[in-house]
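Structure record follows, encoded as structure tokens.
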Amino acid sequence: MLKNTKLYKFYEQVKQEAQKVVWPSQKELINSTGVVLAAVLVFSLVCLFLDYGIHSIIQILLNIGK
């Protein structure tokens, strides 16, 4: 009875698809993690410098009238 329901068929298909997943090796995982961490670090530094630069420009513009 349960094997004919849509929900049961859905979970069976999910199970079949999950068995097809190919997980990365430990070396690939470590390399990918390193790339992501490096990209986050670079992006964070770029945002830091842009924020500091914009802050400085606004401070200069606000001090012009004084």
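The values are calculated or read from the model by the stated rules, or taken from the named source; none is laboratory data. Because the structure is a prediction, the values reported are computed rather than measured. Every residue, glycine among them, receives a Cβ derived from its backbone with ideal geometry; neighbour counts consider all protein chains shown.
Pick from the stretch 22-34 the residues that are exposed (fewer than 10 other Cβ atoms within 10 Å of the Cβ) and not polar (S, T, N, Q): which of them is modelled with the highest pLDDT?
Lys27
For Lys15, indicate whether it is assigned to a helix (DSSP H, G or I), basic (Lys, Arg) and touching a helix residue (DSSP H, G or I) at 6+ places or on another chain (Cβ under 9 Å).
Judged against the criteria, Lys15 is not a match.
Is it the case that the stretch 45-59 has a residue that's of a type in the set (A, V, I, L, M), surrounded by fewer than 10 Cβ atoms within 10 Å (Cβ to Cβ) and at pLDDT below 95?
No: zero hits.
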